[in-house]
Structures are given as C-alpha cells and as structure tokens.
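**Student:** Structure provided below as structure tokens; questions to follow.
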Amino acid sequence: MEAVAFNFISFVLFLSFIILIHAQWKNKSKTSGKLPPGPWKLPIIGNLHQLSNSVLPTHRVLGELAKKYGCSQGIMRLQIGEISAVVVSSPAMAKEFLKTHDLAFATKPELVTNKIIFYNCSDIAFCPYGDYWRQMRKICVMELLNGKNVRSFSSIRHDEIHSLLAYVRSTSGHGQLVNFPERMFLLMTSIICKSAFGKVFTGREEFMEQLKEMSELLGSFDFADVFPSWRVLHGLCGGNKNRIIKAHRKVDAIIENIIKEHREKLENGRDESGGDCLIDALIRQMDSGDLRVPISHDNIKAIIIDMFAGGSETSTATTVWAMSEMMKNPRVMAKAQTEVREVFKGKETLDEKDIMEQLPYLKLVVKETLRCHPPFPVFSPRECREESIVNGYTIPLKTKVMINAWAIGRDPEYWKDPDSFIPERFEESSIDFTGNHFQYLPFGAGRRMCPGHAFGFANSMSPLAHLLFHFDWKLPNGVTVDSFDMTEKPGLSVGRNTDLCLIATPHIA
Ligand code: HEM
C-alpha cells in the first residue's frame, strides 16, 4: 500500500515538473524584446537560491545582487520560481516606473497571504488598481489622513505622549530600562486607534500580537504565488498559510466587535468619542448605498487593518531608528537636544505647531532616519498591467516590480558618504519626501504613494521632541557607542534586530 502511495506521489511530482518546464518554456518564447539584465539562474527555481539568505534582510540581498551582477542601470531581472520579477534600485529607473510609466505599474498582484489578511485584497495597500481602490483611498484621505485632520489630532497625540512621559519618569531614578519599540508601538497604536476608530478598542493587545505575527509574512511570496501551476503541491507546502489563517481568525473576531460597537453607537445616536470617526463614516456610506462602488462589511474590516498596520509599525520604526542613530552619534543627539531645549526654554508643554515649525534640526534627523532606515525598504510588489518598454527594456505583462527604496537612498551617485548618518545633508537642500525626488522615496511616489505621510511624520516628530526635551538618555551598562547593535530584523516594516533599551534621566531646565 505504502509503495503504491509513494509511486503515486512520485508520478504527481514528475508530472508537475513537466508542466512547469513547459510553462517556463512557453513564457520564455512569448517575449521577443530585450529583457533587463539579471544574475544567472537555475532551472525551475530560477534565482530563488540567491534570494534565500537567512542572515541578511531582503533589501540588502537585492542590493548586493544588483551590485554583484553589474546591473549598473539600476534594473535587474529575477526569476522567482515561475514568477518574472524586476528589481529597481536607482533613482533614474525609479522615476521611469513611478512617474513616466506609473499607470502601467499601478496595480498590485493578489498574493496568497494578502488575500487572507485583507479580505481578498480589499484594503488600499494591496488592492488592485481601479475604481474601488480610488474610492477607498479618497474616503480615507478625506476622513482621516488629510493635513487638516492630522493637525486636529494634535490633542490626541498630546495626551498619549503625556502618558508615555509619565511612564518614562516612573522608570528613572532606579536605573530601569525603557524598552523603546514596545513603548513606541503602544503609543502609535493608541494614536491610530483614537484618531481612526474614536477610542482604543477592546482587544488591542491581542490585535497587536497577531499583527506582529502576520507582519513577518505580509507582502511576501507564498509557495502558491511562486509556483502557481504546481497546484497539487499547494496544500502540502502551505506552512505559513496555516499560521496566517490562525492569526487572521483572531484579528477578525476583534474587528467584528469594533464594527458592532460602532454600529450600535450609530443606531442609538449615542456618541462618547465626540464625533464621527473613519469607521462611522464607512458604515454610513455603506448603508447609504450612494457609493459608486458598493462596499461590504468585509471591505471595512480590510481598511481597519490597513490603517492600523500601515500607521503603527512605520512610525514606530521611524522613532526607534531615529533614537538609535542619535545614541550612535552623540554629536547629533547633543545638537537636536540643544535645539529643542532652547526653543521651548521655560515652557511646561510643547506646542505641536511649534514642534513642526521651529525644530529644523530635528526635522533633518527624521528625514535622514527615513533615508537610512526607510520602514518599507522594498515596496510591496507592483504588477505590470500591459507590456511596456522602459528605458529600452521590455517588461512583459504580469511582471512583478519591486522598488528597493533602501538601495535608492544609498546610491553613491546621488548621496555622498551614503552609509553615514548625517542629517546636515538635507540642510539647504530641496530634497523632500513628497514623491518628486526619486533619490529619496521613504513614502513612495506616484499613484500608490503613501497617503499617510503627513500623519506618519507628525507622529514621529512629536514624541521625539518631547523625549529629548524632558530626558537625558544613556545606553545600558556595558554597552558602548561602538558595541551598540544596529542590525535589522525584517517584518512588515524593518525594525531593529535587538530591542532598543535605554536609561532615562529627567532633565530639569
Ligand atoms: C513614517 C511613517 C510611514 C511611512 C515611512 C510609510 C511608507 C509607505 C510606503 C513606502 C508606501 C508604499 C508606496 C508604494 O508602494 O509606492 C505606503 C503606502 C501606504 N501607506 Fe504609508 N507610511 C507611513 C505612515 C502611514 C500612515 C500613518 C498611514 C495611515 C494611517 C499609512 C497608510 C498607507 C496606505 C493606506 C498605503 C497604501 C497606498 C496605496 O497603495 O494606494 N502610512 N506607505
């Protein structure tokens, strides 16, 4: 019996192999133009073996490959199993994909993981380009992410930052360490919850836990994405899929509850939070039936995850890396601290408008942090909607395009001494993160550019200004500036490999 089963599996594997070789041959014979250059590849797996470096995170592996294989124009072709992919790692090439040919690359592929987490990719970040995406993005900008709203959330930021300061004060005096990533994530999720959902919802801790679990795999390729024609093996090789489904079930139960509470509030005309939030607005619009593309309960759930995930990990990573770089570069820390203490000398509270307008050096520190540590170093893949010629290279239909913003921000042709942390490089420079300077893309560019950039920037600047004003910071005993670990850990956004733990001493002005 066992021998029969074994023979059957061998037969199925052999058959899949033949189908795959045939599919690869067919794909090859379809494109006639000049393809971008790329490293050598193996049959069947293509370049997969070169990508699976267990030590380095993806943006560094892709950066190394592009350098090693002489893809000097900043465009490199990869074969990831059955998938044709292109990696972009120079500012000039990024401009081609994100500006000149933006429309041809404005859609996202429906990857297995994203389909599970985002209710069939009905969020904004992983949603295919089209009317639904345009409509949902517009609603989120109008109800949450525009400049006026972001400024109006300054009182939420103020309250949450003051809770953080009280916590930090409670640790000082007895040498207790402040775990920065932990505290910042708590701060950012509180800000997002109160701004977008009206209050911190029940089950936030569990939600955060599951989000961390899911974020490791978000935007990455599953076996079924890489070998779509190996259908018989999808069930056998779906290890991560089960993990994702389990985490997603828990998240789904929490979001169900959030929507239920908001619906009850709307039906009873009861309002404890002082006005409509994004969820209320989405529920009202769904019920009204006035939307051009009707939306469902699941679509609202997808947007809730998008806002929570997009808004919390990114700003957490930015503040943690900014603080890490300042600890690694005491000169920068001293300059930023002197600035904030002079501007707010004698003041009890720091006005947010003044933080944004009167701390030019801290702003440079955050900008340089976003260059050296863009929270999304490689943007989630886009998909080519029509065969295109980019700089003389043919990009076939369905090719996946990955923009390596990390490599672009370190391109030595555009950046002097690119591996050093020098905030002053942005002084007297017009380079900004508005998506018009293709050597600096922390928030992306073009149609799919981050709609939360103003919110993310304010959420990063404000806590940093307060923490530098009220406290002096020291590395834990035994850790020196030279031995301080700055390695990265991959995830939805790239954070530190080891937690940033620091000792705070209150500063008396
Ligand atoms: C420092 C903070 C942030 C950084 C560095 C950041 C960065 C990015 C990047 C690089 C992209 C992808 C661009 C592309 O694929 O071309 C993106 C997309 C997105 N971000 Fe952000 N982001 C931040 C904060 C936020 C916040 C606060 C929110 C909302 C609460 C948000 C919501 C989104 C959404 C919905 C998208 C998808 C846009 C689309 O596909 O149309 N982000 N972000």
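The values are calculated or read from the model by the stated rules, or taken from the named source; none is laboratory data. Note that the structure is predicted; figures quoted are calculated from it, not measured. Note: ideal-geometry Cβ built from the backbone for every residue, glycine included; neighbour counts use all protein chains shown. Note: areas computed on protein heavy atoms with side chains; ligands, DNA, RNA excluded. Shrake-Rupley method; radii C 1.70, N 1.55, O 1.52, S 1.80 Å.
**Student:** Give, rounded to the nearest 20 debye, the magnitude of the charge dipole that region 50-152 has about its Cα centre when Lys and Arg contribute +1 at Cβ and Asp and Glu contribute -1 at Cβ.
**Tutor:** On the way: 13 positive and 8 negative charges, 72 e Å.
My answer is approximately 340 debye.
**Student:** Any chance you could look up the accessible area of residue 258 with a 1.4 Å probe, heavy atoms only, rounded to 10 Å²?
**Tutor:** 10
**Student:** Here's another thing I want to ask about it. What is the distance in Å between the Cα centroid of region 158-211 and that of region 484-508?
**Tutor:** For region 158-211 versus region 484-508, the Cα centre distance is 15 Å.
**Student:** Let me ask something else about it. Under a 1.4 angstrom probe, counting protein chains only, how are 341, 231, 284 ranked by accessible area, largest first?
**Tutor:** Output order, biggest surface exposure first: 231, 284, 341.
**Student:** May I pose another question? Along the positive direction of the dipole of the chain (beta-carbon charges: Lys, Arg +1; Asp, Glu -1; about the Cα centre), which of 355, 507, 300 reaches farthest?
**Tutor:** 300
**Student:** Roll a 1.4 Å probe over the protein chains and send me the accessible area per residue for the chain in Å².
**Tutor:** Accessible area per residue: 45 Å².
**Student:** Can you tell me the FRET efficiency between residue 416 and residue 268 if r is taken as the Cβ-Cβ distance and R0 is 56 Å, rounded to the nearest 0.05?
**Tutor:** 0.35
**Student:** Same structure again: Using +1 on the beta carbon of Lys and Arg, -1 on that of Asp and Glu, and nothing else charged, what's the dipole of the chain about the Cα centre, debye to 20?
**Tutor:** Dipole of the chain, to the nearest 20 debye: 1200 debye.
**Student:** Considering the dipole of the chain built from charges on the beta carbon (Lys and Arg +1, Asp and Glu -1) around the Cα centre, which of 224, 167, 198 is farthest to its positive end?
**Tutor:** Final value for the positive-end residue is 224.
**Student:** Now, a different point. Please compute the modelled spin-label separation between residue 334 and residue 166, points set 7 Å along Cα→Cβ, answer in nm with one decimal.
**Tutor:** 3.6
**Student:** At 1.4 Å probe size, what's the solvent-accessible area of residue 419? Round to the nearest 10 Å².
**Tutor:** The value for residue 419 is about 120 Å².
**Student:** Another question, if that's okay. Whenever you get a sec, compute what percent of the accessible area on the chain sits on carbon and sulfur atoms (1.4 Å probe).
**Tutor:** Exposed carbon and sulfur together represent 55 percent of the surface.
**Student:** Hey, for a label at residue 484 modelled as a point 7 Å past Cα toward Cβ, could you say which residues of region 360-381 have their backbone N under 18 Å away?
**Tutor:** Residues 362-374 qualify, since their backbone N sits under 18 Å from the label point.
**Student:** Here's a follow-up. Just to confirm my numbers, what's the Cα centroid distance between region 425-481 and region 124-154 in Å?
**Tutor:** Each part's Cα centre sits 21 Å from the other's.
**Student:** Just from its helices, what would the mean residue ellipticity at 222 nm be for the chain, if runs of 4 or more DSSP H residues each count -39500 (n - 2.57) and the sum is divided by every residue, rounded to the nearest 500 deg cm²/dmol?
**Tutor:** It comes out at -15500 deg cm²/dmol, rounded to the nearest 500.
**Student:** From the residues 147, 236, 389, which one has its Cα farthest along the dipole of the chain in the positive direction, the dipole being from +1 and -1 charges on Cβ of Lys/Arg and Asp/Glu about the Cα centre?
**Tutor:** Towards the positive end, the residue furthest out is 389.
**Student:** Let me ask you something else. Within 11 Å, Cβ to Cβ, of residue 299, how many net charges do the neighbouring residues add up to if Lys/Arg are +1 and Asp/Glu are -1?
**Tutor:** In short, -2.
**Student:** List the residues whose amide H sits under 5 Å from the amide H of residue 399, counting only those 5 or more places along or on another chain, with H placed 1.01 Å from N in the peptide plane.
**Tutor:** 384
**Student:** For residue 480, what accessible surface area do you get with a 1.4 Å probe? Give it in Å², rounded to 10.
**Tutor:** 70
**Student:** Mind checking Rg over Rh on region 31-506, alpha carbons, Kirkwood formula for Rh?
**Tutor:** Details: Rg = 22.5 Å, Rh = 23.4 Å.
Taking Rh as the inverse mean 1/r over Cα pairs, Rg/Rh reads 0.96.
**Student:** Excluding same-chain residues fewer than 8 positions from residue 489, which aspartates and glutamates have a Cα within less than 20 Å of its Cα?
**Tutor:** Within the straight-line limit of under 20 Å, residue 489 reaches these aspartates and glutamates: 64, 182, 209, 213, 216, 222, 313, 325, 368, 419, 499.
**Student:** Counting Lys +1, Arg +1, Asp -1, Glu -1, what net charge surrounds residue 414 among other residues with beta carbon under 11 Å of its beta carbon?
**Tutor:** +2
**Student:** If R₀ is 56 angstrom, what is the calculated FRET efficiency for the pair residue 68 and residue 232, using the beta carbon separation as r and rounding to 0.05?
**Tutor:** 0.95
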